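Inspection log for the structure reproduced underneath, given as structure tokens.
Any read-out appearing in this document is the output of simple, stated calculations on the displayed coordinates, not a laboratory observation. Here the structure is a predicted model, which means the values were calculated and not measured. Using ideal geometry, Cβ is built from the backbone for each residue, glycine included, and neighbour counts are taken over all protein chains shown.
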Amino acid sequence: MSTETTAPANFIHEIVEEHNRTGRFGGRVHTRFPPEPSGYLHIAHAKVASIDFGLARDYGGKCNLRFDDTNPIREETEYVDGIIETLHWLGWDWEDRLYFASDYFQQLYEWAQLLIRKGKAYVCDLSADEVREYRGDLTTPGRNSPWRDRSVEENLDLFARMKQGEFPDGSRTLRAKIDMAHPNFNMRDPVMYRILHAEHHRTGTEWCIYPMYDWAHGQSDSIEGVTHSLCDVGYEDHRPLYEWFCNELGIYCPQQVEFGRFSLTYTVLGKRILKRFVNEGLVHGWDDPRMPTLVGLRRRGYTPEAINDLCSRTGVSKTNTVIEIQLLEHCIREDLNRRAPRVMAVLKPLKVVIENWPVDADGRPTVEWVEAVNNPEDESMGTRQIPFSRELYIEQDDYREDAPKGWFRLGPGREVRLKHGYYIKCHDAVKDADGNVVELRCTYDPESAGGQTPDGRKVRGTLHWVSAAHAVDAEVRLYDYLFTKPDPNDAPEGQDFMANFNHDSETILTGCKVEPGLSAARPGERFQFLRMGYFCLDPDTTPELLVFNRTVELKDTWSKVESKAEKKEQEGAIR
RNA sequence: UCGGGGAUAGUUUAAUGGUAAAACACCUGACUCUGGAUCAGGAAUUUGGGGUUCGAGUCCCUGUCCCCGAGCCA
């Protein structure tokens with residue numbers, strides 16, 4: 001795909017091209033996407049997947065899916081299945097190359113024995129606390145474990161008995177013998193195996209010793225013939241250990257390359273925290289539409305195209321980045337503007353009665369079916385017929401008794417166009433005992449069919465509407481950001497990001513009225529509700545009730561104008 | 001304090017010793033049967049100091065700031 005004439009797209013491409021020039025990997029590019037099945041994937045994982053799978057795609061190489069399942073306590077098959085499904089949804093393919101680090105447990109065990117025989121690993125009887133104590137700190141070197149110089153025979157015997165299950169959890173570890181004075185903590189005799197009498201989601205109770213990340217990852221890459229092991233900068237100082245293990249084992253060593261971490265404003269990523277939201281009921285589940293998880297974004301109505309677009313727009317570098325969530329919103333608007341059919345839905349209904357609407361021979365209001373385009377951006381999406389009659393619903397927010405300057409929606413004596421229908425003029429507002437407007441009495445101009453009149457008079461406002469008799473009831477869920485600040489960690493002294501948690505991020509609207517054709521919609525289908533935003537039919541939908549999630553609002557110039565005017569007014573009042 | 005990394009408009013990324021640019025965000029305006037979309041325009045950037053060079057965001061020296069690291073997590 002990439003040719004010699006195109007400039008490298010990012011620093012990783014430069015590295016690959018350098019390797020291709022020197023022939024280090026014989027021109028091969030083979031990556032891997034290595035999730036731990038301990039939760040659902042979130043938006044930053046989509047970015048990582050895009051880097052891993054994308055690099056292979058760009059150079060005609062391969063990318064494996066490999067689950068990094070070396071900690072049985074956290075990992076579950078539910079997550080394996082969820083991750084696979086999400087990756088396919090994003091459009092990535094690994095053919096038959098689905099692997100698990102746990103596939104390599106036996107090989108890893110034998111390699112550990114090899115290291116012991118070489119005098120490069122030993123069984124250590126120190127407790128976790130003691131290990132920490134012996135490790136030293138930032139400025140002081142660590143001290144050697146008293147068990148560091150056991151004989152090869154004793155180490156081999158003890159290690160075998162660890163595997164046999166003779167010792168309790170935490171009683172011993174296998175450690176690499178490197179350098180307790182090394183400035184890089186990872187090189188201070190890192191633990192390779194810990195004892196864990198726990199059931200593993202794939203290997204069951206076959207093992208009671210489990211390899212640590214560092215002792216599993218590089219060798220897994222090596223076994224699979226990975227050329228470029230891409231990871232985030234958090235692993236930068238693990239690279240020396242990665243290479244030490246491969247070199248001591250005398251096995252093929254891939255090149256680890258680190259890229260910057262990725263995050264989003266107004267949210268937190270991080271599986272532990274997201275898991276906490278789920279467990280504490282702060283959200284309804286991993287796939288809550290407010291969650292930055294990919295299952296959440298999907299349910300919210302985000303398309304894989306929009307998410308991949310975000311990933312490619314944001315580039316790849318070594319700096320940790322915080323992407324403004326507005327860019328994600330731009331990506332989904334751009335995608336859905338092109339693809340989503342337009343429909344009309346009234347979220348907060350206000351009844352409109354057209355007093356001069358014609359009646360039939362029986363004195364019943366007639367029904368006129370008007371034609372509506374499905375998508376002005378794409379003629380091929382055709383048109384549909386929608387019913388117009390004497391009683392309609394419009395949006396409560398589209399009527400103001402005291403219309404502000406620049407208002408061109410409805411108000412006393414004002415005329416607006418009903419999209420695809422007629423001009424109507426408001427004559428009267430019926431109020432309830434509390435003074436709330438509950439009904440508008442209007443007249444229509446029969447000459448205005450099709451949206452214009454013979455006299456050519458200008459009508460600035462165009463409203464969406466539904467026919468009261470034909471409308472279908474719906475529940476509509478509106479979402480706000482999970483946090484009230486762009487940087488959730490920007491919390492008062494002594495408090496954490498939870499201080500900025502938005503406890504009002506979900507608004508459920510009931511009694512919404514949508515046009516009749518929507519009753520045929522299927523869960524996952526996406527629409528533009530004219531003037532209101534993009535919405536996606538939720539799986540909670542039943543034959544009796546349609547449930548929609550608002551994916552994102554449309555850009556709203558008016559609200560901006562109005563809030564600015566208000567601000568100006570306030571400032572004026574202060575002066 | 002020690003080790004590892006990083007720093008270009010508000011945000012993200014280009015510019016690979018030769019006119020500092022794009023997208024998003026922001027501000028104007030035009031157009032519109034969605035106050036949507038679209039279009040046109042605007043404001044805005046090289047972490048400080050020194051050096052090399054005809055010329056430095058880029059090379060050298062030196063400061064500053066930010067991130068990561070002391071799991072038997074990944």
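Provide the per-residue ³J(HN,Hα) series for the range A:542-553, in order, calculated from phi with Karplus coefficients 6.51, -1.76, 1.60 and θ = phi - 60°, each as a whole number of Hz, with x at glycine and proline positions.
Result, ordered by residue: 10, x, 8, 9, 7, 10, 10, 9, 7, 6, 7, 6 Hz.
Show log10 I(q)/I(0) for chain A at q = 0.08, 0.09, 0.12 Å⁻¹, two decimals, from a solvent-free Debye sum over equal Cα scatterers.
Log10 of I(q)/I(0), two decimals: -0.71, -0.83, -1.20.
What is the distance in Å between the Cα centroid of the range A:95-169 and that of the range A:509-575?
Comparing the Cα centres of the range A:95-169 and the range A:509-575, I get a distance of 58 Å.
Any idea what angle helix A:304-313 forms with the longest principal axis of chain A, computed on alpha-carbon atoms, 0 to 90 degrees, nearest 10?
Between helix and principal axis, roughly 70 degrees.
Check A:His42: other-chain or 5+ apart residues with amide H under 5 Å from its amide H, H built from backbone geometry?
A:Leu294
Past 22 Å, Cα to Cα: identify those pairs from A:Lys118/A:Lys163; A:Lys419/A:Lys513; A:Lys47/A:Lys560; A:Lys47/A:Lys271; A:Lys351/A:Lys513, in the order given.
Distance filter (> 22 Å) returns A:Lys47/A:Lys560.
Tilt of helix A:239-249 relative to the longest C-alpha principal axis of chain A, in degrees (0 to 90, nearest 10)?
That works out to roughly 40 degrees.
If the chain between A:Asn279 and A:Thr542 were fully stretched, how many nm would it gain, using 0.36 nm times the residue separation less the Cα-Cα distance?
92.0 nm
Using a basic spin-label model with each label point 7 Å from the Cα along Cα→Cβ, how many nm lie between A:Arg522 and A:Phe497?
If labels sit at A:Arg522 and A:Phe497, their model points lie 3.7 nm apart.
Considering only chain A, what is the antiparallel percent among its DSSP beta bridges, to the nearest 5?
The antiparallel fraction comes to roughly 65 percent.
Work out from phi, with θ = phi - 60° and the Karplus expression 6.51 cos²θ - 1.76 cosθ + 1.60, the ³J(HN,Hα) of each residue of the range A:378-383, listed in order in whole Hz, and give x for Gly and Pro.
Once θ is set to phi - 60°, the couplings for the range A:378-383 become 8, 4, 5, 7, x, 10 Hz.
If amide H atoms are built 1.01 Å from N in the plane of the peptide, which residues on other chains or at least 5 residues away come under 5 Å of the amide H of A:Phe100?
Placed amide hydrogens put A:Phe67 under 5 Å from A:Phe100.
Check which residues have an amide H placed less than 5 Å from A:Trp369's amide H, if you skip close sequence neighbours.
Here A:Phe388 satisfy the definition.
Go through the range A:254-267 residue by residue and turn each phi into a ³J(HN,Hα) via Karplus (6.51, -1.76, 1.60, θ = phi - 60°); whole Hz please, and just put x for glycine and proline.
x, 9, 7, 10, 10, 10, x, 6, 10, 9, 10, 6, 6, 8
Between A:Ala9 and A:Glu206, what FRET efficiency follows from the Cβ-Cβ distance if R0 is 41 Å, with the result rounded to 0.05?
On the way: r = 44 Å, r/R0 = 1.07.
E between A:Ala9 and A:Glu206, to the nearest 0.05, is 0.40.
Would you mind computing, in nm to one decimal, how far apart the modelled labels at A:Glu368 and A:Arg339 are, each placed 7 Å from Cα along Cα→Cβ?
3.6 nm
Do the sum for chain A: with -39,500 (n - 2.57) for every DSSP H run of n ≥ 4, divided by all residues, what is the mean residue ellipticity at 222 nm, to the nearest 500 deg cm²/dmol?
One gets -8500 deg cm²/dmol as the mean residue ellipticity at 222 nm.
What's the percent breakdown of Cα-Cα distances in the range A:415-530 across 5 Å bins, shortest bin first?
Over the range A:415-530, the share of Cα pairs per 5 Å bin runs 2, 9, 11, 13, 13, 13, 11, 10, 7, 5, 4, 2, 1, 0 percent.
Using the alpha-carbon atoms, what tilt in degrees (0 to 90, nearest 10) does helix A:43-58 show relative to the longest principal axis of chain A?
70 degrees
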